[in-house]
Amino acid sequence: MIRDRVLGRQGTTAAAREANKMFRKAEAAPSEHAKADKAFQANRERLKAERLARESKNPVKPTTEPAR
């Protein structure tokens, strides 16, 4: 602020700051790859939850093979 006065610069007004808000970068839209990855992760989590629920009803018993 003091440096601005020394160099002869004017501070931004409220109207100028409000106008500059329009030029800020908006959040980028997700790419096709990001959308597909998000859908894949959601589907993987859903299938994992279904598998865990199914296994809790009928626990999978490990098969033991006779030692040779």
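The values are calculated or read from the model by the stated rules, or taken from the named source; none is laboratory data. For clarity, every value in this text was computed on a predicted model and none was experimentally measured. Cβ coordinates were reconstructed from backbone atoms using ideal geometry, including for glycine residues, and neighbour counts include every protein chain displayed.
List of remarks:
- If you go through region 10-34 and keep only what is loosely packed, with under 10 Cβ neighbours inside 10 Å and of a type in the set (A, V, I, L, M), you end up with ALA14, ALA15, MET22, ALA26, ALA28, ALA29.
- Of everything in region 35-68 that is modelled with pLDDT under 80 and charged (D, E, K, R), the residue that is surrounded by the fewest Cβ atoms within 10 Å (Cβ to Cβ) is ARG68.
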